[in-house]
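Below is one structure; the comments refer to it alone.
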Amino acid sequence: MSPHRPRLEYFNPADLSWTDHRGFCHSVDGMHAAPHGLYVERVVDNPKYHYIESWLLPDLGLRATVYHLRPGHDRGQTYYLDIGDYGPVNGGKKWRAESHYLHVVARPGQAPELLGIDELLTSHAAGHFDTHRTHRAIEHAAAVVDGIAGCDHDVDRWLAAKGVVLTWL
């Protein structure tokens with residue numbers, strides 16, 4: 001993994017657009033703000049999955065994503081949780097997403113899996129992510145894994161205990 005700066009993305013509910021970390025602007029199928037975050041749904045041209053739904057959850061420092069997998073690619077994954085900073089900018093007209101390299105893959109009835117530690121540490125060593133933020137990201141990810149495990153490996157139950165109930169297609 002080559003080191004890189006945290007990936008930034010922007011979401012514009014007014015024109016239903018998403019600007020990816022490379023600066024390319026894409027249309028999305030749906031986007032709306034709710035008290036606990038921003039919901040985004042879009043079609044994806046990927047051999048493994050065809051549709052993505054995500055919630056940006058500022059108070060939890062998470063992006064919760066569900067992939068709608070194509071036949072033959074079901075891995076039993078329910079949630080892919082990105083650790084980072086998410087929230088409205090420009091007076092709430094747009095939303096900003098900054099990924100902090102770490103991801104928690106949560107499958108029903110299984111221990112959550114933490115991914116991306118190598119990417120985080122490589123980027124930290126290259127000076128793209130300072131020590132304080134690196135420690136904070138690791139502690140945050142550990143708290144997410146611990147919280148989900150403490151709720152019988154049920155992400156929805158853990159989120160509900162945090163006061164967040166998500167809706168999906």
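The values are calculated or read from the model by the stated rules, or taken from the named source; none is laboratory data. Keep in mind it's a predicted model, so treat the numbers as computed, not measured. For neighbour counting, all protein chains shown are included, and Cβ atoms are generated from backbone atoms with ideal geometry for every residue, glycine included. Just so you know, the surface numbers come from the protein's heavy atoms only, side chains and all, with ligands and any DNA or RNA stripped out. Shrake-Rupley method; radii C 1.70, N 1.55, O 1.52, S 1.80 Å.
Counting Lys +1, Arg +1, Asp -1, Glu -1, what net charge surrounds GLY150 among other residues with beta carbon under 15 Å of its beta carbon?
-2
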Counted charge near ASP85, where neighbours are those whose Cβ lies closer than 13 Å (Asp, Glu -1; Lys, Arg +1): +1
Heavy-atom accessible area per residue - the chain, 1.4 Å, Å²: 52 Å²
For segment 34-48, Karplus couplings with θ = phi - 60° (6.51, -1.76, 1.60), whole Hz, Gly/Pro x: 9, x, 9, x, 10, 9, 9, 9, 7, 7, 10, 9, 9, x, 9
Residue-averaged [θ]222 nm for the chain, counting only DSSP H segments that reach four residues, each worth -39500 (n - 2.57): -6500 deg cm²/dmol
Span per principal axis, largest first, for the Cα atoms of segment 18-84 (Å): 35, 27, 20
Spin-label model distance (nm) - PHE24 vs ALA149, 7 Å beyond Cα toward Cβ: 3.8 nm
GLN110-VAL44 FRET efficiency (beta carbon distance; Förster radius 22 Å; 0.05 resolution): 0.35
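Within segment 1-132, what whole-number % of the accessible surface is contributed by carbon and sulfur, with the 1.4 Å probe and all protein chains included in the calculation?
52 percent
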The chain - charge dipole about Cα centre, Lys and Arg +1 at Cβ, Asp and Glu -1, debye rounded to 20: 260 debye
Cut-off under 5 Å, modelled amide H: who pairs with LEU102 long-range: ILE83
Loop chymotrypsin sites (Phe, Trp or Tyr not before Pro), segment 73-169 (other Cβ atoms within 10 Å of the site Cβ: 16 or fewer; DSSP): TRP168
With eigenvalues of the C-alpha gyration tensor scaled by 5 and rooted, segment 14-169, Å: 22, 21, 17
Low-density loop cleavage sites - trypsin sites (Lys or Arg not before Pro) in segment 3-110, where at most 15 other Cβ are within 10 Å (DSSP): ARG7, ARG22, LYS48, ARG75, LYS93
Signed unit charges on C-beta, dipole axis of the chain, positive-most listed residue GLY23, LEU69, LEU8: GLY23
